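In what follows, a structure is listed as structure tokens, so that the remarks can point back to it.
Laboratory data are not the source of any read-out in this text; all were calculated from the coordinates shown. If you're wondering where the values come from, they're calculated on a predicted model, not measured in any experiment. Cβ atoms come from the backbone with ideal geometry, glycine included; neighbour counts cover every protein chain shown.
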Amino acid sequence: MIELNWDRSFALEQSADEEEVLAELLDLLRETATNDLAKIKLGVEKGDAKGVEYAAHSLKGAAASLGVEGLRRVSLAIENGGRAGDLNLAEQVAELAELVNQLSSLK
């Protein structure tokens, strides 16, 4: 099983040590991740390498900003695949989907 590897201390620091702000940012990350995952899946299906690259880049940045290293790392791999025009990403997309599902556990 792939893990989120979340640095909660870093995320809390990014939210000015405000638990309420952190909760809002996590909600936003969940929404963004769900939307970007859908864009990535659609891009792979349609052969849209640039679309895959852009959606993965967006998700990578969102994950990095809250210290979710596992999500950042898989998003980077997908972004690189899209950039290279290699959409043979079934394994990475499956990992990404698993990580997006795990986001609900973050508090």
ask   = Tell me, what HN-Hα J-couplings in whole Hz come from the Karplus equation 6.51 cos²θ - 1.76 cosθ + 1.60 at θ = phi - 60° for each residue of region 54-67, using x for Gly and Pro?
value = 5, 5, 5, 4, 4, 5, 4, x, 5, 5, 4, 5, 10, x
request  = Evaluate the relative contact order of region 18-105 (contact order divided by residue number), counting alpha-carbon pairs under 8 angstrom at least 6 apart; express in whole percent.
outcome  = 30
query = If you place +1 on the Cβ of every Lys and Arg, -1 on the Cβ of every Asp and Glu, and leave all else neutral, what size is the dipole of the chain about its Cα centre, to the nearest 20 Debye?
reply = 460
inquiry  = Return the Rg/Rh ratio of region 18-105 with Cα-based radii and a Kirkwood Rh.
reply    = 0.99
message = Through the Karplus equation 6.51 cos²θ - 1.76 cosθ + 1.60, θ set to phi - 60°, convert the phi angles of region 71-82 into ³J(HN,Hα) values in whole Hz; use x for Gly and Pro.
response = 5, 4, 5, 5, 4, 4, 4, 5, 4, 5, x, x
query = For region 31-36, in order, what is each residue's ³J(HN,Hα) by Karplus, 6.51 cos²θ - 1.76 cosθ + 1.60 with θ = phi - 60°, in whole Hz (x at glycine and Pro)?
reply = 5, 4, 4, 4, 5, 5
request  = Just order 54-65, 5-16 by mean Cβ neighbour count inside 10 Å, highest at the front, would you?
outcome  = 54-65, 5-16
remark   = Under the helix-only model (-39500 (n - 2.57) for each DSSP H run of 4 or more, divided by the residues of the chain), the mean residue ellipticity at 222 nm, to 500 deg cm²/dmol, is -25000 deg cm²/dmol
